[in-house]
Amino acid sequence: MPPNLLYYAIPVFVLLLLVEAVFSAIQKRDLYEPKDTFSSLGLGIGNVLTGLVTKGVIFGLYSLAYHFRFFTLDSTRWWVWVLALLADDFSYYWFHRVSHSVGWFWASHVVHHSSRKYNLSAALRQTWTGNLTGAFIFWVWMPLLGFHPVLVLTMQAISLIYQFWIHTEAIDKLPAPLEYILNTPSHHRVHHGSDLKYLDRNHAGILIIWDRLFGTFTKEQERPTYGLTRNIASFNPAVVAFATWMDLFRKASRSGSLSKGLKYFIKPPGWSHEGATQTTREMIAEYNRHHPQEPIE
């Protein structure tokens, strides 16, 4: 298995985090909260540790898929790297979008949205269960098509490294051409907002073009309210990592039937068999009924 580029970037992440924290203190902007930051760091360390095991398994699965590839794409050609970047980013968009619309994947991804602060430490707030519960399947088509598994994992690491710097309020907006093409701090702040009009928007990794193409783009207007519509009331990394999974299994076990129980894992977050909670679409539909003059699309 190739070395993970993400591990080499960690010292730079920590340095930039410290710079942003000093900037926050000087500007008196209250970007950081100590308990929240340590929670994010704990979750990041847990992600790295689980990745030491799961990445090897995933590399093996990608290698197996590559054995049955339809083509062989030569990684020494520059255009293959360009295609790999686009393919990886396309895969990430759909993985990310599905992670917001299917309870099974949301239970892992929710960790990343659990901070009510938006800063570089929040970028390190990563799942412990994502690889174990199948996130990798969204990239299996790449080695099958002919991208070498090393190239696939390298592109995944490059995407995550890119996404680190967009978790900040210290940068307002980039020049318009870059804002149109790239995922930027402005676009990603929207994604982390719990405001109704910002929910489940801007799923991009590196390129915002996928959101523009598939109708999930929303421009940042006022400053978002960060966190979840129902926040996890703990800074304990283990609680944050597993709270939503425990909630899913608890609700499923009390649903009264196998079919209802399964729906908690395949329906969007917020779905409930008795209607006690609402999905994003249901919340927007209710809002639009009460505000027909200013509907949310």
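None of the figures in this text is laboratory data; all of them are computed from the coordinates on show. All values derive from a computational prediction rather than experimental measurement. Cβ sites come from the backbone with ideal geometry, for glycine too, and all protein chains shown count toward neighbours.
P(r) tail, the chain: Cα-Cα pairs separated by more than 23 Å, 58% of all pairs.
Out of the range 73-141, which trypsin sites (Lys or Arg not before Pro) are coil in DSSP terms and have no more than 14 other C-beta atoms within 10 Å?
Numbers: sites: 77, 97, 116, 117, 125; in loops: 77, 116, 117, 125.
Answer by residue number: 77.
Each Lys or Arg adds one and each Asp or Glu takes one away; over the other residues whose Cβ falls under 13 Å from the Cβ of residue 233, this sums to +1.
I need the trypsin sites (Lys or Arg not before Pro) found in the range 1-64, filtered to DSSP loop residues with at most 16 other beta carbons within 10 Å of theirs.
Numbers: sites: 28, 29, 35, 55; in loops: 28, 29.
Counting only loop positions with at most 16 other Cβ atoms within 10 Å, the trypsin sites (Lys or Arg not before Pro) in the range 1-64 are 28, 29.
Its alpha carbons considered, the range 5-176 gives a radius of gyration followed by a Dmax of 17.5, 56 Å. Considered as an equivalent ellipsoid built on the Cα gyration tensor, the range 1-99 has semi-axes of 35, 17, 14 Å, the largest given first. Charging the Cβ of each Asp and Glu at -1 and of each Lys and Arg at +1, and nothing else, the dipole of the chain about its Cα centre rounds to 600 debye.
Extending 7 Å from the Cα toward the beta-carbon at both residue 94 and residue 14 defines two label points whose distance is 3.8 nm. If you take the charge dipole of the chain about its Cα centre, with +1 on Lys and Arg Cβ and -1 on Asp and Glu Cβ, which of 86, 9, 72 is farthest toward its positive end? Comparing the listed Cα positions along the dipole, 72 ranks first. A straight line joining the Cα centroids of the range 71-128 and the range 15-65 runs 14 Å.
Stokes-Einstein diffusion coefficient for the range 159-296 at 25 °C in a medium of 0.890 mPa s, Rh from the Kirkwood formula over Cα pairs: what value in µm²/s? Numbers along the way, then the final one.
On the way: Rh = 17.1 Å.
Estimated diffusion coefficient is 143 µm²/s.
Spatially close Lys pairs in the chain, defined by Cα atoms under 12 Å apart and a spacing of eight or more places or different chains, total 5.
Under the rule of -39500 (n - 2.57) per DSSP H run of 4 or more residues, summed and divided by the residues of the chain, what mean residue ellipticity at 222 nm is obtained, to the nearest 500 deg cm²/dmol?
Mean residue ellipticity at 222 nm (helix-derived): -18000 deg cm²/dmol.
Averaged over residues, the count of other Cβ atoms within 10 Å places the peptides 43-50, 149-156 in the sequence 149-156, 43-50, highest first.
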